[in-house]
1. Can ALA33 be described as among the small types (Gly, Ala, Ser) and either at pLDDT below 95 or crowded, with 18+ Cβ neighbours inside 10 Å (or both)?
2. Consider MET70 carefully, then state whether it is at pLDDT 95 or above, under 30 Å from ARG209 (Cα atoms), away from the ligand (no atom under 16 Å from the Cβ) and touching a Gly at 6+ places or on another chain (Cβ under 9 Å).
3. Just checking, does region 199-210 include any residue being loosely packed, with under 12 Cβ neighbours inside 10 Å, outside any helix (DSSP H, G or I) and either over 20 Å from the mean Cα position of the chain (by Cα) or on the phi < 0 side of the Ramachandran plot (or both)?
4. Mind checking which residues of region 154-176 are among the β-branched types (Val, Ile, Thr) and either modelled with pLDDT under 95 or surrounded by fewer than 23 Cβ atoms within 10 Å (Cβ to Cβ) (or both)?
5. Got a sec? Which strands (runs of 3 or more DSSP E) wholly within region 90-153 have at least 3 residues that are surrounded by 17 or more Cβ atoms within 10 Å (Cβ to Cβ) and hydrophobic (A, V, I, L, M, F, W, C)?
6. When residues of region 142-199 are filtered for being within 14 Å of the ligand (Cβ to nearest atom) and of a type in the set (A, V, I, L, M), how many remain?
7. Cβ-Cβ under 9 Å, sequence separation 6+ or interchain: first residue in region 137-164 and aromatic (Phe, Trp, Tyr), partner within 10 Å of the ligand (Cβ to nearest atom) and outside any strand (DSSP E or B). Which pairs?
8. Conditions: (1) within 14 Å of the ligand (Cβ to nearest atom); (2) farther than 22 Å from PHE193 by Cα; (3) among the β-branched types (Val, Ile, Thr). ILE118 meets all but one. Number of the miss?
Amino acid sequence: MTDRRTLITSLGAGLLLAASRHVLAAGMQCAPADCITCGPTGSSTAGPFYVSNTPATMDINLLHAPGTPMRVSGIVLGGRDGRSVLAGAKVELWQADSEGRYHPEDNGDIARYQADEINLRGQVATGVDGRFTFRSIVPAHYGNRRRHLHWRLVADGHVALVTQTYWQDERGTARERRDFVDRNPEECRWIAFRNEGAVVAGEVVFVLRPAA
Ligand SMILES: [Fe+2]
């Protein structure tokens, strides 16, 4: 079933240009050259609080925790050229709340937990254009970590990816330099979040490696 849902569309040169324009039209902050030169996305640790089989929803603040509204959107690419749009890719997001706590601060399958123990976690599938969106709240810092989002991406014919993304405006700060987890994330994992009224919004490009 997943095979049927996952449609890998190989893009020709013209379509590639159209795709990059589409990304930019959606508010991508990187220059066109950067948008189409993200290499395979680097991996990072899942951390101790990954819960599997989280709800299929783009609105992951399930318990309406207080915080600054956040929207994070993206596109998932892959294929041999790393430029093919991956439709039907599974994208999971989990994160801390506005006090730096995870819900739950534990792991395992979601069946272990009551509904009121699960928050700020969810999964969506990319559309035919490879794009996805989540709505949530901005996570707080905790410990020596940069502000971050946790991701897991799965697409047919590609290597599953577990990674983290960061806030561009925190890059190079004293706080950021104290974080020794994932010390040198590549350019495309720094998200240039911006304010859109009351919402903090940003976009990310993920590039998955084809399975051998
Ligand atoms: Fe974390």
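The values are calculated or read from the model by the stated rules, or taken from the named source; none is laboratory data. On a predicted model such as this, the values are computed, not experimentally measured, just so you know. As a convention, Cβ positions derive from the backbone with ideal geometry for all residues, glycine included, and neighbour counts pool all protein chains shown.
1. yes
2. Details: at pLDDT 95 or above: yes; under 30 Å from ARG209 (Cα atoms): yes; away from the ligand (no atom under 16 Å from the Cβ): no; touching a Gly at 6+ places or on another chain (Cβ under 9 Å): yes.
For MET70, the condition - at pLDDT 95 or above, under 30 Å from ARG209 (Cα atoms), away from the ligand (no atom under 16 Å from the Cβ) and touching a Gly at 6+ places or on another chain (Cβ under 9 Å) - is not met.
3. Taking region 199-210 as the starting set, the residues that turn out to be loosely packed, with under 12 Cβ neighbours inside 10 Å are none.
Among the residues of region 199-210, not one is loosely packed, with under 12 Cβ neighbours inside 10 Å, outside any helix (DSSP H, G or I) and either over 20 Å from the mean Cα position of the chain (by Cα) or on the phi < 0 side of the Ramachandran plot (or both), which makes the answer no.
4. Initially, region 154-176 is screened for residues among the β-branched types (Val, Ile, Thr), giving 154, 159, 162-163, 165, 173.
Across region 154-176, the qualifying residues are VAL154, VAL159, VAL162, THR163, THR173.
5. 90-94, 131-137
6. 3
7. Sorted first by the residue in region 137-164, then by its partner, the pairs are TYR142/ALA96; TYR142/GLY100; TYR142/TYR102; TRP151/SER44.
8. (1)
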